[in-house]
Structures are given as C-alpha cells and as structure tokens.
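K.L.:
This is the structure I have questions about; it appears just below.
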Amino acid sequence: MANPEISVQIPVRDGGDLFLGTLECLARQRTDGIPWELVIVDDGSRVPVEREFEGILSSFPRGADLRILRREGPGSRPEARNLALKAGRAPVALLMDGDLAFEPDLLAGHLRERESAGAEFLMGARVNAHSPGATRWQKWFDSRAMGNRPSGPFPWKYFITGNLSVNPEKLLSAGGFDPGIDRYGGEDIEAGLRLWKRGAVFHWNPGITVRHMDTVTVEGHSRKMLEYGATGLKRTLDLHPEAAGLLGSNWVKPMFSRPADPGTVLMRLLCRVALAPWFYRGVLRYMARHGRPMAGFTYLSVGACLIGLSGRDFRK
C-alpha cells in the first residue's frame, strides 16, 4: 500500500456505541484515492478494540491502512497520543476523539484547507448543539474558545484536539503531549503553548466540522473542569510562568502575593467568596435547572477550574 498522506489518530478506552459511530463515519470517508491510515490506541479497554469492533473494522475501505496499538494500565491520554504520533507514517496527523460524527469529506477537507492556507496546524469546529433539541448549555459551550469566529490564526490557549490536524514531526520535536498531565484535560493546551514558543502558527477553519455525540451536561462539565484546574491547569502554570493569569488564575494566588495593590487584594477577596463551595453548588443547581443567564455557565466553567487550582472541591 502507498504511504498514507494523512494519519487519523484516536485514543480510546471502552468506546462503546459512540466509538462505533465514529468508526462508521471513518469507513465512509471519500478521499478520491488519497491513501490514509487509521491508528487506534486502545488505552486499556476492558474488551480489546479489535474484538469489540471486529465487524466495522473488517469492512474498512481499500486505501485505508488500519493499525491498532494497545496500552495496558489505568489509561493516559497524553501517552496514548504520543504513541500514535510516533507510530503514524503520514506527514499529517488528524488528532480525533472516539465520540464524534462527521461527513464523508472530513479528511479531504483537512488536506485541502491545509494546502490552501499553508497551515501546519489546522483546527476545525467541534459542535455540541447539533440537534434541534440542543440545550442552552450546549449552545453556550459552542460559543467558547474560537466559537464562530472567522477563519484565521488562533492563540495557543485554544489549541484543542478532537478536530485538529498537525505536523507530527514538529509536535514530537516539541515534546509531544506531557505525560505529567495524567488526569482530565489540558495536555493539548500545554502542548500548544510549547509549540507557540517555538514559533508555530495555528490556523482555524469553522467550516470543517465534527459533531460531538457525547451528552454534555452542566454537572459533568463542572466535574471535568474541577479536575482540569487541579491537574492540567496547575501543571501548565508550574511549567510555564508566562501563562500566569490563564483562566483568571492570578485571582486565587495568596491574598498578599505580588502584586498586592488594593484593587488586586480586593479582587482576590471577592473571588474567595464567589468560589466558596456552598455558593458554587447553589449556582450549579440553579443553572442546571434554568439555563440562564448565559453568564452563569461562564462562572461555572471558570469557577470550577479555579476551585480545583486552589486545592478545594465544590462537591464537599
């Protein structure tokens, strides 16, 4: 088989029906004869991927080279991503997740846009509010990060995997994904910061879309952001002093640490009140039930990160 031009790389652990849907979308890809590969990293699934998804995997089209790598243990998304990057044989790696649905031209769209824009790092949109019954929460979620901004460069803090094609050699030379971020979230943003420090330019095209099929809830997102704040965000700030202030992190520093001007001290005091676990839980219950005002979702997302970063837990 000819060398692939694009390598689709997906870490998965107990993927279930969502991953089956992703595989079905991949099996329908139309690349007009362009060879491609799929590298699946089975990150310690209870039932091995090749056994659970034997039917769909056996029906993959000609021109698609399929490989499954397995890791044992509790699972590590950064290490699984790095394993796939090293195993890939193509000059482009499309870093995806195992809970996405998309049209048959996704791979061709990434290749076409990369060539047109001269982009080594290209991110498309991941849409949560894709159904007629989408919630206000899902619509708010889609407005975050790059949201519906027009095509063009984007900053490192929005470097998020899922619908992201990269130059694998440059990503690996920058250190790949940090295995030290061993819980939910932030390994992609931290890698983006390292790439940016090396001069990388990131390109955004909202016209290249995937649909996030996992059910996104306010409560579930808050739990994830709490974990991200305590792990991925904390490690990013420890490793990169220039990221100080990311997600308002300066406001949970010790009360009189520098700068200690009256305005800063007052803001830190207000944040301590606003991030009290009992207060956060009350807002969470209200927003989960009513879904308004939209600013409440921003408070919940950023607030959970800062609560985790400060070593607290709103669940207790």
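K.L.:
Return yes or no: is G248 at pLDDT 95 or above and under 29 Å from P155 (Cα atoms)?
P.N.:
No: the conditions fail for G248.
K.L.:
Right, next: Could you grab the pairs with beta carbons closer than 8 Å, sequence gap of 6+ or different chains, first residue in region 280-300 and under 15 Å from Q138 (Cβ atoms), second one in a helix (DSSP H, G or I) and among the small types (G, A, S)?
P.N.:
M287/G296; L300/S222
K.L.:
Cβ-Cβ distance below 6 Å, separation of 6 or more or different chains: which pairs start in region 225-246 with a residue that is farther than 26 Å from R315 by Cα and end on one that is modelled with pLDDT of 95 or more and in a helix (DSSP H, G or I)?
P.N.:
Matching pairs, first to second residue: H240/L193; A243/T236; A243/L237.
K.L.:
Here are A84, A90, A80: which of them is part of a loop (DSSP other than H, G, I, E, B), hydrophobic (A, V, I, L, M, F, W, C) and assigned by TED's automatic domain parsing to the domain that holds L171?
P.N.:
On the way: A84 fails: part of a loop (DSSP other than H, G, I, E, B); A80 fails: part of a loop (DSSP other than H, G, I, E, B).
Only one candidate qualifies: A90.
K.L.:
Something else: Kindly indicate which of G21, G33, G55 is of a type outside the set (S, T, N, Q) and part of a loop (DSSP other than H, G, I, E, B).
P.N.:
Values: G21 fails: part of a loop (DSSP other than H, G, I, E, B); G55 fails: part of a loop (DSSP other than H, G, I, E, B).
Criteria check complete, one pass: G33.
K.L.:
Further question: Can we say G311 is surrounded by fewer than 17 Cβ atoms within 10 Å (Cβ to Cβ), within 25 Å of T236 (Cα to Cα) and small (G, A, S)?
P.N.:
Criteria met by G311.
K.L.:
For N163, indicate whether it is crowded, with 17+ Cβ neighbours inside 10 Å, in contact with a Lys or Arg (Cβ under 6 Å, 6 or more places away or on another chain), under 25 Å from E115 (Cα atoms) and not small (G, A, S).
P.N.:
Considered against the rule, which asks whether it is crowded, with 17+ Cβ neighbours inside 10 Å, in contact with a Lys or Arg (Cβ under 6 Å, 6 or more places away or on another chain), under 25 Å from E115 (Cα atoms) and not small (G, A, S), N163 comes out as yes.
K.L.:
Working carefully through the options A260, A288, find the one that is surrounded by fewer than 17 Cβ atoms within 10 Å (Cβ to Cβ), over 26 Å from E187 (Cα atoms) and touching an Asp or Glu at 6+ places or on another chain (Cβ under 7 Å).
P.N.:
Testing whether each residue is surrounded by fewer than 17 Cβ atoms within 10 Å (Cβ to Cβ), over 26 Å from E187 (Cα atoms) and touching an Asp or Glu at 6+ places or on another chain (Cβ under 7 Å) leaves just A288.
K.L.:
Next question. Out of the residues in region 150-170 that are farther than 20 Å from E242 by Cβ and among the aliphatic types (A, V, I, L, M), which is farthest from the chain's Cα centre (by Cα)?
P.N.:
Filtering first and then ranking leaves V166.
K.L.:
Which residue pairs have Cβ atoms closer than 8 Å, lie 6 or more positions apart in sequence or on different chains, and pair a first residue in region 14-35 that is free of Cβ contacts under 8 Å to residues at least 60 places away in the same chain with a second residue that is aromatic (F, W, Y)?
P.N.:
Pairs found: L20/F53; L23/F53; L26/F60; A27/F60.
K.L.:
Which of the helices (runs of 4 or more DSSP H) found entirely inside region 111-226 contain at least 2 residues meeting this: closer than 22 Å to R77 by Cβ?
P.N.:
168-173, 187-197
K.L.:
Moving on to the next point. Which one of these does L309 not meet: (1) within 23 Å of the chain's Cα centre (by Cα); (2) under 12 Å from S222 (Cβ atoms)?
P.N.:
Condition (2) is where L309 drops out.
K.L.:
For region 194-213, does any single residue satisfy the condition of being small (G, A, S) and within 14 Å of the chain's Cα centre (by Cα)?
P.N.:
no
K.L.:
I'm trying to understand the selection: among the residues of region 218-236, which are of a type in the set (A, V, I, L, M) and within 15 Å of I307 (Cα to Cα)?
P.N.:
Within region 218-236, M225, L226, A230, L233 qualify.
K.L.:
Is it true that some residue in region 86-94 is touching a residue at least 24 places away in the same chain (Cβ under 8 Å) and more than 20 Å from Q29 (Cα to Cα)?
P.N.:
yes
K.L.:
Kindly provide the set of residues from region 77-103 that are surrounded by fewer than 21 Cβ atoms within 10 Å (Cβ to Cβ) and farther than 16 Å from V39 by Cβ, ordered by number.
P.N.:
A101, E103
K.L.:
So, in region 104-113, how many residues would count as being in contact with a Ser or Thr (Cβ under 7 Å, 6 or more places away or on another chain) and surrounded by fewer than 20 Cβ atoms within 10 Å (Cβ to Cβ)?
P.N.:
Matching residues across region 104-113 total 1.
The values are calculated or read from the model by the stated rules, or taken from the named source; none is laboratory data. None of the values given here were measured: they were computed from a predicted structure. Neighbour counts are summed over all protein chains in view; Cβ atoms, including those assigned to glycine, are modelled from backbone coordinates with ideal geometry.
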